[in-house]
Amino acid sequence: MTDALHQLDATDLAARLRAREISAREVVQAHLDRIDQVNPALNAIVTLDPEGALADAALADERLARGADVPPLHGLPIAFKDTHLTRGMRTTHGSPLFADHIPDEDDLLVDRVQKAGAIRLGKTNVPEFAAGSHTFNTVFGTTRNPYDTTRSAGGSSGGAAAALAAGMQPLADGSDMGGSLRNPASFCNVVGLRPTPGRVPAPGAGDLWDTLSVPGPMGRTVADTALLLSAMAGPDPRCPVGLETPGAAFRVPLDRDLRGLRVGWAPDLGGHAPADADVTAVLEPQLKVFEELGCHVEAACPDLTDADETFRTLRAHSFDLAFGGLLETDREALKPSLRWNIEQGRRLTTDDLHRATAARGRLHLAALDYFARYDLLLAPVSQVTPFDAEWEYPRSVAGQPTRTYLDWMRSAYLISVLGVPALSVPAGFTAGGLPVGLQIIGPPRADLAVLRAGHVYEAATRHGRRRPDLPTS
């Protein structure tokens with residue numbers, strides 16, 4: 001039985017574990033075996049603690065055997081993103097400056113997921129300080145796409161998405177500023193949710209009021225993603241922008257009738273984010289699926305005027321705030337694109353910040369106006385398909401050359417500044433066999449509605465059921 005456990009959905013595993021049809025030790029061992037088989041080809045999991053995971057699994061089995069109530073993620077293994085602090089386990093942030101860093105505390109997300117019963121396997125690979133949507137660094141190297149190991153797995157949660165797609169873990173955590181949950185989900189044919197800011201609190205150093213970067217869940221199905229969100233979500237007094245809805249609100253059936261929903265389709269986000277032809281060729285037929293489900297679909301996009309400049313200004317400011325000190329003390333240890341982004345922040349004026357702050361307010365109101373007329377917005381997750389893993393970023397998008405490592409991420413990051421939930425769900429494959437994700441976007445705080453729409457679409461298409469054919473070592 002253990003040979004097939006790594007192929008099961010997290011919700012299925014959780015039910016079998018609670019029914020004692022399988023043990024946590026069997027589940028963990030099956031995933032450790034899978035890591036041994038396929039991780040050498042992918043480089044997705046970069047720190048691993050098999051002994052600790054098996055010991056925790058034994059304790060989980062003992063609790064269930066005593067008849068104790070077990071939490072919703074009981075016995076499910078997970079490797080945490082290597083930018084999320086893990087007590088007693090190396091957290092490198094993909095930087096040589098932190099190559100031997102062992103935190104003495106867990107991030108809130110890590111703590112919540114473990115208290116919900118998940119068993120820590122190790123850490124997943126990230127780009128340096130999560131900067132960029134391609135996962136590579138000088139500490140561990142490059143993470144490769146399970147569907148084509150010559151291609152990028154995306155980022156910054158690229159190790160998480162690749163490990164999930166390849167069956168090395170049934171759930172994955174991540175974070176998203178400019179697409180870091182959505183882009184790798186699209187590239188690896190899994191599901192990634194950028195929640196409404198404040199849905200998953202992230203207290204820590206720096207600007208506690210910042211909502212541009214948010215933590216969130218990934219899964220191989222929408223139901224799995226919602227299950228993990230239920231463990232992550234809920235208020236925390238240290239997070240001043242946290243939402244009050246408890247996480248259990250997402251542990252509910254996702255089936256619903258989509259008939260009558262008003263759905264907008266914006267393949268280039270109003271001209272602000274043109275996509276490559278092979279992306280739109282996969283996505284345009286998906287509109288018929290929504291029509292067959294009873295939705296009214298038409299071309300319509302929110303007003304995204306100034307969204308690009310706003311995102312880049314706020315991102316640069318946050319990078320200066322977070323990493324400006326490293327630019328002064330360890331400049332040469334930082335990759336060039338990270339140095340550039342911090343320097344962009346250093347050059348900002350008060351007028352730049354005033355404009356970005358005012359524009360972000362206008363953009364949020366524009367989103368509210370749009371969602372007063374439409375229930376959902378559909379758009380590409382990424383403007384490109386998985387690109388050469390040896391490149392830092394694609395060399396062109398829709399026929400236009402890229403100048404910076406951010407240029408190809410507009411279809412994701414223009415949505416980030418709106419303050420709305422956005423889901424990446426598998427939407428099919430190119431003629432060359434590369435995955436493409438569909439972005440389902442909803443009104444502020446409508447995370448559950450977005451998940452439900454994604455779940456119904458997923459059931460109608462089953463694109464996410466196509467698994468990678470990986471060589472095993």
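The values are calculated or read from the model by the stated rules, or taken from the named source; none is laboratory data. Not measured: the values here are computed from a predicted model. When we count neighbours, we look across all protein chains shown, and the Cβ atoms used for this are built from the backbone with ideal geometry, even at glycine. Each accessible area value is taken on the protein alone, full model and side chains, heavy atoms only, with ligands, DNA and RNA left out. Shrake-Rupley method; radii C 1.70, N 1.55, O 1.52, S 1.80 Å.
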*Kindly list the residues of the range 289-310 that lie in the label zone of ALA460, defined by a backbone N under 16 Å from the point 7 Å along the Cα-to-C-beta vector.*
289-299
*Ignoring any ligand, DNA or RNA, what whole percent of the accessible area of the chain comes from carbon and sulfur when the probe is 1.4 angstrom?*
49 percent
*asked:* I need the peptides 427-440, 51-64 ranked by packing, meaning the mean over residues of other C-beta atoms within 10 angstrom, with the highest value on top.
replied: 427-440, 51-64
_Please report the antiparallel percentage of the DSSP beta bridges confined to the chain, to the nearest 5._
75 percent
_the range 77-166 - Rg and Dmax from Cα coordinates, angstrom_ = 12.8, 38
*asked:* Relative contact order for the range 194-267: what percent, with Cα pairs under 8 Å and sequence separation of 6 or more?
replied: 31 percent
*asked:* Quick check on the range 72-175: of the DSSP beta bridges with both residues there, what percent are antiparallel, nearest 5%?
replied: 50 percent
*Would you grab the residues whose amide H sits under 5 Å from the one on CYS295? Only those 5+ places off in sequence or on another chain, please, with H modelled 1.01 Å from N.*
GLY260
*Give me the number: length gained by fully extending THR350 to ARG251, i.e. 0.36 nm times residue separation minus the C-alpha to C-alpha distance, one decimal in nm.*
31.3 nm
_Checking the a/c ratio against 1.5 first, then a/b against b/c, what shape does the Cα gyration tensor give for the range 133-188?_
rounded
*Roughly what would the spin-label model give for GLU291 and TRP209, points 7 Å off Cα along C-beta, in nm?*
4.7 nm
*Under the Karplus relation 6.51 cos²θ - 1.76 cosθ + 1.60, θ = phi - 60°, what is the ordered set of whole-Hz ³J(HN,Hα) values for the range 191-198, x standing for Gly and Pro?*
10, x, 10, 8, x, 3, x, x
*asked:* Restricting to DSSP H runs of at least four residues, report the calculated mean residue ellipticity at 222 nm for the chain, -39500 (n - 2.57) per run over all residues, nearest 500 deg cm²/dmol.
replied: -11500 deg cm²/dmol
*How would you classify the range 88-221 from its alpha-carbon gyration tensor, with a ≥ b ≥ c the square roots of the eigenvalues: rounded for a/c under 1.5, else prolate if a/b is greater than b/c, otherwise oblate?*
rounded
_Sites ASP278 and ARG87 - FRET efficiency at Förster radius 45 Å, r taken between beta-carbons, to 0.05_ = 0.55
*Note the listed values [x] 1.06; [y] 0.99; [z] 0.94, then indicate which one is Rg/Rh (Cα atoms, Kirkwood Rh) calculated from this particular structure.*
[z]
_If you average the C-alpha positions of the range 166-201 and of the range 398-459 separately, how far apart do those two centres end up, in angstrom?_
11 Å
*Where Rh denotes the Kirkwood radius from the mean inverse Cα pair distance, what is Rg over Rh for the range 141-282?*
1.00
*Give me the number: length gained by fully extending ALA41 to LYS115, i.e. 0.36 nm times residue separation minus the C-alpha to C-alpha distance, one decimal in nm.*
23.5 nm
*In square angstrom, what is the accessible area per residue of the range 170-237 with a 1.4 angstrom probe?*
18 Å²
*How far is it, in nm, from the label point at LEU321 to the one at ALA99 when both lie 7 Å from their Cα along the line to the Cβ?*
3.1 nm
*asked:* Need one word for the range 117-165: rounded, prolate or oblate. Basis is the Cα gyration tensor (sqrt eigenvalues a ≥ b ≥ c); a/c below 1.5 gives rounded, then a/b vs b/c decides.
replied: oblate
*Net lengthening on full extension, GLN400/ARG20 (0.36 nm per residue, minus Cα-Cα)*: 131.2 nm
